[in-house]
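Novice: The structure under discussion is supplied below as structure tokens; questions concerning it will follow.
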Amino acid sequence: MTTPDIPRRQFLQTSAASAATLALPALPQSFPNRPIKLICPWPAGGSSDQVMRALADSAGRALGGTVLIENKAGASGMLGPNELVNAKPDGYTLSQLTIGVVRLPHMQKMQFDPLKDFTYVVCLTGYTFGMVVRADSPFKTVKDLVDYARANPEKFTYGSTGTGTTPHLAVEEFAMRAGIKLQHVPFKGSADGMQALLGGHIMAHSDATGWAPHVDAGTCRLLTTYGSKRTKRWSHVPTLNELGYQTIADSPFGIGAPKGMDPALTQRLHDAFKKTLEDPAVIASFEKYDQSVIYMNTAEYTKFAQENYLKEKAIIERLGLSMKS
């Protein structure tokens, strides 16, 4: 039996292509062969934790493996990003990345450079923020709060999920616009902040919608939200912007990995997490906390980080919170 007559050039090209295919790293095909750690930089039990767990379960199924949540609370959500700096870019260490990674470097010395030290894999969703008080609070409206704060400078206490987080800076922006001074009390996350509010240790709490069950149960009152428009779920509650305080705050977040990732591996992770946005369980977790889908692919998310690094610098400078040199 004779073999077909293949021109020498075609044979060499075919052989070279086959060799190149064999030489490609097998990691994207064999990945994952052990559990992936996804860091949630907030305490267990809060709204971020519950959403991240839904994403981890769904992404694990999409990858044909297991994605395990590890809670590392504190430092305004930066303990997860910090861990990415020294982790191997092998896809087995991931973290939630909030807007804080491009904001906090303008406020204090950080362990990372947000423009160099991360792979921005995919953006998935974003928070709805608002301020709540206990149901028995004398503060029925934002006007009540402003009137009290004008008469009692720095006596009105409010909690947030940490210094430099969006729930903190949105209130500071509002206070600046209103000409009032409030006392900020930072917490590690949603759960402990709400415990402090319900226990009467602070007068209000500014946060993402971890307060939602308490508002729906009637144990807390929602005074205002910080988005560009009212939420569907609490459509009777005004925004800070419509009340005349020129304050709009949202906070898209996604999944980050160490720098230097194999592009094929980044794509594999991107595709798995993008698929979670089709999972009814994930969408239900978003809806529970009034979060919407905010999808950006790797290139778009990287560009978003670069642009917002400059935007956040301007906000921090306006609020007088820039790092002292």
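The values are calculated or read from the model by the stated rules, or taken from the named source; none is laboratory data. If you're wondering where the values come from, they're calculated on a predicted model, not measured in any experiment. FYI the Cβ positions are ideal-geometry reconstructions off the backbone, even for glycines, and counts take in every protein chain you see.
Novice: Kindly indicate whether any position in the range 237-249 is outside the structural domain of S95 (by TED's automatic domain parsing) and assigned to a strand (DSSP E or B).
Specialist: Looking for residues that are outside the structural domain of S95 (by TED's automatic domain parsing) and assigned to a strand (DSSP E or B), one finds at least one in the range 237-249, hence yes.
Novice: Counting only residues that are touching an Asp or Glu at 6+ places or on another chain (Cβ under 7 Å) and modelled with pLDDT under 95, how many does the range 54-77 have?
Specialist: 0
Novice: Name every residue in the range 26-82 that is within 15 Å of H270 (Cα to Cα) and of a type in the set (F, W, Y), in order of residue number.
Specialist: Of everything in the range 26-82, just one residue is within 15 Å of H270 (Cα to Cα) and of a type in the set (F, W, Y), namely F31.
Novice: Answer yes or no: is there a residue in the range 147-162 that is aliphatic (A, V, I, L, M), touching a strand residue (DSSP E or B) at 6+ places or on another chain (Cβ under 7 Å) and either at pLDDT 95 or above or outside any loop (DSSP other than H, G, I, E, B) (or both).
Specialist: Going through the range 147-162, the residues aliphatic (A, V, I, L, M) turn out to be 149, 151.
Cutting the leftovers down to touching a strand residue (DSSP E or B) at 6+ places or on another chain (Cβ under 7 Å) gives us none.
There is no residue in the range 147-162 that is aliphatic (A, V, I, L, M), touching a strand residue (DSSP E or B) at 6+ places or on another chain (Cβ under 7 Å) and either at pLDDT 95 or above or outside any loop (DSSP other than H, G, I, E, B) (or both).
Novice: Within the range 70-95, which residues are surrounded by fewer than 18 Cβ atoms within 10 Å (Cβ to Cβ) and over 19 Å from F118 (Cα atoms)?
Specialist: Scanning the range 70-95 gives a single hit, G74.
Novice: Go through the range 228-251 and report how many residues are in contact with a Leu (Cβ under 8 Å, 6 or more places away or on another chain), surrounded by 17 or more Cβ atoms within 10 Å (Cβ to Cβ) and within 19 Å of H168 (Cα to Cα).
Specialist: Selection size over the range 228-251: 2.
Novice: Of the conditions (1) surrounded by fewer than 15 Cβ atoms within 10 Å (Cβ to Cβ); (2) more than 27 Å from R103 (Cβ to Cβ); (3) in contact with a Gly (Cβ under 9 Å, 6 or more places away or on another chain), A264 clears all except one; give me its number.
Specialist: Looking at each condition in turn, A264 falls short on (3).
Novice: Has the range 252-269 got any residue that is touching a Leu at 6+ places or on another chain (Cβ under 7 Å), among the small types (G, A, S) and in a helix (DSSP H, G or I)?
Specialist: Scanning the range 252-269 turns up no residue that is touching a Leu at 6+ places or on another chain (Cβ under 7 Å), among the small types (G, A, S) and in a helix (DSSP H, G or I).
Novice: Next up: Search the range 286-325 for residues being small (G, A, S) and at pLDDT 95 or above, and hand back the single one that is farthest from L265 (Cα to Cα).
Specialist: At the first step, the residues of the range 286-325 found to be small (G, A, S) are 292, 299, 305, 314, 320, 322, 325.
After this cut, where a residue has to be at pLDDT 95 or above as well, the list is 299, 305.
Values: A299: 14, A305: 20 Å.
For the range 286-325, the residue satisfying everything is A305.
Novice: Please find, within the range 145-167, the residue that is nearest to G130 (Cα to Cα) out of those that are surrounded by 19 or more Cβ atoms within 10 Å (Cβ to Cβ) and of a type in the set (F, W, Y). Let's see the steps before the verdict.
Specialist: From the range 145-167, those surrounded by 19 or more Cβ atoms within 10 Å (Cβ to Cβ) are 145-146, 149, 156, 158-162, 164-167; that's our starting set.
Next cut, of a type in the set (F, W, Y) only: 156, 158.
Values: F156: 16, Y158: 12 Å.
It comes out as Y158.
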